[in-house]
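First up is the structure itself, then whatever we jot down about it.
The values are calculated or read from the model by the stated rules, or taken from the named source; none is laboratory data. Keep in mind that what you see is a predicted model, and the values were worked out from it rather than measured. Note that we place each Cβ from the backbone using ideal geometry, even for glycine, and neighbour counts take in every protein chain shown. These area figures cover heavy atoms from the full protein model, side chains too; ligands, DNA and RNA do not enter into them. Shrake-Rupley method; radii C 1.70, N 1.55, O 1.52, S 1.80 Å.
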Amino acid sequence: VIPTRKDMEGKIESMRVLDNNPQKPVVRMANLCVVAGHTVNGVAELHSNILKQELFADYVSIWPNKFQNKTNGITPRRWLRFCNPELSEIVTKWLKTDQWTSNLDLLTGLRKFADDEKLHAEWAAAKLASKKRLAKHVLDVTGVTIDPNNLFDIQIKRIHEYKRQLLNILGAVYRYKKLKEMSAEERKKVTPRTVMVGGKAFATYTNAKRIVKLVNDVGAVVNNDADVNQYLKVVFIPNYNVSVAEVLIPGSELSQHISTAGMEASGTSNMKFSLNGCVIIGTLDGANVEIREEVGQDNFFLFGAKADQIAGLRKEREDGLFKPDPRFEEAKQFIRSGAFGTYDYTPLLDSLEGNTGFGRGDYFLVGYDFPSYIDAQARVDEAYKDKKKWIKMSILNTAGSGKFSSDRTIDQYAKEIWGISACPVP
């Protein structure tokens, strides 16, 4: 429907590039980009839909064809062939070709072998080799010994409140508290787990630094607790970079992509983990949505509020209607009790308290998603006990990763935006 002049007059205020406020003239950079740009695209389907339906809806009404989606991708040459040679050789052997490195869609050919016991044995051996390499790295850089037979659970990305490393460490704190309350016999039934967190924080981002400190402080207590440290370890991976990622990603079995829904434009480490046969626990955010579609919903641990619920949940919180789960209160109280040292975590925990206000009111909905997250982690624990089931999930994650090649992304940009054709090397 073409908008009328009357429709448009009411929208000028939100669409203008130059703000007409005489006290503080402002150039609205996003508006300038949309007006001046040849094409506008998001970097995952969810992200592009938010741009079209919310952020730039008025522009879409006059330029519907200007807006596209280009889901991000990663290069399989680095993120499988180079960094995970053991798994790469297995993929090539079972597909009977190495052409998957330049045509990642060929990975779907693994699906027909997903129940094959020989493939399962080879896949498990390759994963164990990567886990041993990762365990050596952790020992070298932290001095912490981790057991390659335990579930390796990894979250690596920039430290940011929206990416919710705080949700992860609160979950680990709750797990530790429950382990402490169990008898020795009860602990033997638990799925042993090593939780690893890595990433960099902006130099002046105080809460991010507090989160890093909390991970380290929790690790210092848990890893030295003889009662439970064979069932849980918590490690902060220092000096995270691409070279470290090349060791961490192949060695991971569960990967956390747990941002508040609607806040992660795409994410690409989620693609790297899936490609390496790692199972994701995550929200319906960014490229997680498409990864879950491609690998199958039974091979992805989903939890949390959806993007279209977030604004309403924040409003409910502001109105004082949020009722915290007792488990959430328990985890926070355990930290406040001084169980992890003398550092004052009040400002960090206060960000999760109250109903509104800067630095308060739990803007990223850690408290709302906490019970759903804990329940999903319990499903992970159960699934991991069934080794055959877990390896099949791992194989199907790799098999479903074809869409997430940067070759596909670049090809779409070339054809659908720039109108340029490839120049093959002779």
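Within segment 15-28, being within 17 Å of GLU54 (Cα to Cα) and open to solvent by 50 Å² or more (accessible area, probe 1.4 Å) holds for ARG16, ARG28.
Residues are listed down the side, and each one gets a yes or a no for (1) more than 30 Å from ASP381 (Cα to Cα); (2) of a type in the set (S, T, N, Q):
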site	(1), (2)
ASN65	yes, yes
ARG78	yes, no
ARG81	no, no
ALA126	no, no
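Scanning segment 309-346 for residues that are free of Cβ contacts under 8 Å to residues at least 24 places away in the same chain and open to solvent by 60 Å² or more (accessible area, probe 1.4 Å) gives ALA311, LYS315, GLU316, LEU321, LYS323, PRO326, GLU329, GLN333, ARG336, SER337, THR342, ASP344. Checking segment 78-86 against the condition returns no match, with no residue being surrounded by 15 or more Cβ atoms within 10 Å (Cβ to Cβ), out of contact with any His (no Cβ under 6 Å at 6 or more places or on another chain) and more than 29 Å from ILE395 (Cβ to Cβ). Quick one: would you say ARG164 is open to solvent by less than 10 Å² (accessible area, probe 1.4 Å), among the basic types (Lys, Arg), under 20 Å from the mean Cα position of the chain (by Cα) and within 30 Å of LEU284 (Cβ to Cβ)? In short, yes. If you go through segment 39-70 and pick out every residue that is without any contact (Cβ under 8 Å) to a residue 60 or more places away in the chain, in contact with a strand residue (DSSP E or B) (Cβ under 9 Å, 6 or more places away or on another chain) and open to solvent by 40 Å² or more (accessible area, probe 1.4 Å), you end up with 4. Of the residues ASP105, ASP115, the single one that is in the same structural domain as GLU246 (by the TED database), in contact (Cβ under 8 Å) with a residue 40 or more places away in the chain, touching a strand residue (DSSP E or B) at 6+ places or on another chain (Cβ under 9 Å) and not basic (Lys, Arg) is ASP105. Taking each residue of segment 10-38 that is under 14 Å from VAL60 (Cα atoms) and modelled with pLDDT of 95 or more and looking for partners that are part of a helix (DSSP H, G or I) and open to solvent by less than 90 Å² (accessible area, probe 1.4 Å) with beta-carbon atoms closer than 6 Å, six or more apart or interchain, yields VAL34/TYR59.
Of the helices (runs of 4 or more DSSP H) lying entirely inside segment 348-426, those containing at least 2 residues that are aliphatic (A, V, I, L, M), modelled with pLDDT of 95 or more and open to solvent by less than 40 Å² (accessible area, probe 1.4 Å) are 366-385, 387-399.
To keep it simple, each residue is scored yes or no on (1) open to solvent by less than 30 Å² (accessible area, probe 1.4 Å); (2) under 24 Å from PRO250 (Cα atoms).
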{"site": "ALA129", "(1), (2)": "no, yes"}
{"site": "ASP147", "(1), (2)": "no, yes"}
{"site": "ILE156", "(1), (2)": "yes, yes"}
{"site": "TYR176", "(1), (2)": "yes, no"}
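At least 1 residues being among the polar types (S, T, N, Q) is the threshold, and among the helices (runs of 4 or more DSSP H) wholly inside segment 1-73 those reaching it are 12-15, 29-36, 45-50, 57-62. Note on segment 211-301: enclosed helices (runs of 4 or more DSSP H) holding 2 or more residues that are closer than 30 Å to GLU54 by Cα and open to solvent by 10 Å² or more (accessible area, probe 1.4 Å) are 269-275, 288-295.
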